[in-house]
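A short worksheet on the structure shown next.
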Amino acid sequence: MTAPPDDCLARNEWICGEYLSTRRQILLDAVVQHLQLTALSVLIALVIAVPLAVLARRWGWAAGPVLALTTILYTIPSLAMFSLLLPVYGLSASLVVAGLVLYSLTLLVRNILAGLRAVPEDTRQAARGMGYGPVRLLLAVELPLALPAAMAGLRIATVSAVSLVTVGAIVGFGGLGNLIYAGMNTYFKAQVLTASVLCVVIAVAADMLLLGVQRLLTPWERASGAARP
């Protein structure tokens, strides 16, 4: 009877410190790609979502079509979305980014629009009475007051993007998803578990970071919360 191997990699265990030490660079590269894809897609989606939400707020008739379009995009399964975008972007990182941007739009547009609609009308009227024009009113009054709702949408969109990046493994640009996909094909337990845990860590860390940014940008929210009995 042969003795069991003393290497956790050879035993194919789920928790294996040897995997972390021998695959450190592979893990680092996957984490960096995961972060890059997530950050770029959410940033592009935010740049698109803010004008769309402002447009929908300014012209009420545009709210229905904008929300309907972004909702329809969100309902498309991820594999189908990537397949539809494949003729345009090919097998590239741009394919993954484009898909994530379209998915993020629904969450961002809806929350930013809700924040803009929640700005009290008397606040707008007071700003206009002080000589605020439309642009200054938007930048100095409406957008700051809409920040809590907008940041809530940004947090959800970011966490969702962290998860959806892994689907990009089907085209070779999935960050940690590449390791999960390869590990599942070869039943490499340590790789699957480690990459999955890192995805969760990234999602939680991103959410906490954005929550901290939200608290820094909205000090009046903390003040009002402290004033409540």
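Computed extension length for residue 94-residue 200: 35.8 nm, one decimal, from 0.36 nm per residue of separation with the Cα-Cα distance subtracted. Compute the helix-to-body angle for 143-165: its Cα long axis versus the longest principal axis of the chain, expressed 0 to 90° and rounded to tens. The answer is roughly 20 degrees. Against the chain, whose longest principal axis is taken from its Cα atoms, helix 176-186 shows a tilt of about 30°.
With +1 on the Cβ of every Lys and Arg and -1 on the Cβ of every Asp and Glu, and nothing else charged, how large is the dipole of the chain about its Cα centre, in debye rounded to the nearest 20? Intermediate values should be presented prior to the final figure.
Details: 15 positive and 10 negative charges, 162 e Å.
Roughly 780 debye for the chain.
Within the chain, 199 have no other Cys Cβ under 4.7 Å of their Cβ and so lack a disulfide-compatible partner by this rule. Under the combined filter of DSSP loop state and at most 11 neighbouring Cβ atoms within 10 Å, the range 59-99 retains these chymotrypsin sites (Phe, Trp or Tyr not before Pro): 59.
Choose one of 66, 92, 77: the residue whose Cα lies farthest towards the positive end of the charge dipole of the chain (beta-carbon charges +1 Lys, Arg; -1 Asp, Glu; about the Cα centre). The Cα lying farthest towards the positive end belongs to 66.
Rg/Rh for the range 37-174 (Cα atoms only, Rh after Kirkwood) is 1.07. Calculated mean residue ellipticity, 222 nm, the chain: -26000 deg cm²/dmol, from DSSP H runs (n ≥ 4) at -39500 (n - 2.57) each, averaged per residue and rounded to 500. Spin-label model, residue 7 to residue 163: label points 7 Å out along the Cα-to-beta-carbon direction sit 3.7 nm apart.
Modelled this way, with points 7 Å down the Cα-to-C-beta line, the labels at residue 44 and residue 130 are 3.8 nm from one another. Alpha carbon centre of the range 16-31 versus the range 106-155: separation in Å? With the range 16-31 and the range 106-155 each reduced to a Cα centre, they are spaced 45 Å.
Heavy-atom accessible surface of the chain, averaged per residue, reaches 55 Å², computed with a 1.4 Å probe.
The values are calculated or read from the model by the stated rules, or taken from the named source; none is laboratory data. No experiment lies behind these values; they were computed from the predicted model shown. All Cβ positions, even for glycine, are placed from backbone atoms using ideal geometry, and neighbour counts span all protein chains on display. Remember, those area values only see protein heavy atoms, side chains included, never the ligands or the DNA or RNA. Shrake-Rupley method; radii C 1.70, N 1.55, O 1.52, S 1.80 Å.
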